[in-house]
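Shown next, in structure tokens, is the structure this report addresses.
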Amino acid sequence: MCLKAKHLVTLLASTIPLWALLIAPGCTHFEPAKFNRGEGIGGDSILAIPFGEPREHRWYCESERGERVVQAFMGWVQTNADPNFPEGKEVDAALKTVRDWQAEEITSKDWQGITRFLGVKYVVVGEIEKLSLENPKAVGILEPSLQVSYRVVNVELGRLAYKRDNFTLTLGRSGELEMPLSAMGVDTGRLEERLLATLGEQLGKDLYGYWED
């Protein structure tokens, strides 16, 4: 380990999750999680609910896009953090309860009841408020973006632990795409897939923190 990395370990050991110190490759910068004062989820168990799409009248667990976001999130955590996701029939039963929910919202106390047999500490759930691939001010020019809200509920305590409302994620502004990008000849399906995967990754970074070169 180089001197810079050693300095980081000494200076930040009290705030950076242990898994982050163990897997850090070379001399990099650790960006703390937005959640839990920088400590993030860590090794605690979390249930990720497929996001809803209010504009498409898709409830939680009904949106294919929402499912892909959660798959991307879980994949990122499995690669970059310390995953602790519940498994088994109890998870399927909980997701079915969510999908069949009759009320207009699910409260923090409701989440506590839904997950009572899972042994999880947190639930993350959110909404894809808007997905757009084209620049509304320039016909034929692509500017992929998502407007998203999500919440983390501490189901052990039955209360909201964190929320991030109406933030926008744009591929072009992150450097993944050169702008402007003409729509001609572009596979917009693959572009949408990249956008949803980027959202899943951002969710992981928000909740676990990440190493940055």
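Assess whether L118 counts as being modelled with pLDDT of 95 or more, in contact with a Pro (Cβ under 7 Å, 6 or more places away or on another chain) and of a type in the set (A, V, I, L, M, F, W, C). When the stated conditions are applied, L118 passes them.
Give me the residue from region 140-176 that is part of a loop (DSSP other than H, G, I, E, B) and either under 11 Å from L195 (Cα atoms) or of a type in the set (F, W, Y) (or both) and, out of that set, modelled with the highest pLDDT. Ranking the candidates gives L171 first.
Evaluate the following for E53: is it charged (D, E, K, R), surrounded by 15 or more Cβ atoms within 10 Å (Cβ to Cβ) and modelled with pLDDT under 95? No. Within region 97-115, if we keep just the residues that are touching a residue at least 12 places away in the same chain (Cβ under 8 Å) and surrounded by fewer than 16 Cβ atoms within 10 Å (Cβ to Cβ), the residue that is nearest to the chain's Cα centre (by Cα) turns out to be R99.
Return the residues of region 49-59 that are within 19 Å of E193 (Cα to Cα), touching a strand residue (DSSP E or B) at 6+ places or on another chain (Cβ under 8 Å) and either free of Cβ contacts under 8 Å to residues at least 12 places away in the same chain or not in a helix (DSSP H, G or I) (or both); say none if nothing qualifies. Passing the criteria: I49, F51, G52, E53, R58. Just one of (1) under 15 Å from the mean Cα position of the chain (by Cα); (2) modelled with pLDDT of 95 or more fails for D82. It is (2). When the residues of region 184-198 are narrowed to those that are surrounded by fewer than 16 Cβ atoms within 10 Å (Cβ to Cβ) and among the hydrophobic types (A, V, I, L, M, F, W, C), which ends up modelled with the lowest pLDDT? Checked region 184-198; the qualifying residue modelled with the lowest pLDDT is M184.
The values are calculated or read from the model by the stated rules, or taken from the named source; none is laboratory data. In this text the structure is predicted, and so the values were computed from the model without any measurement. With ideal geometry, Cβ positions are generated from the backbone for all residues, glycine too; neighbour counts draw on all protein chains shown.
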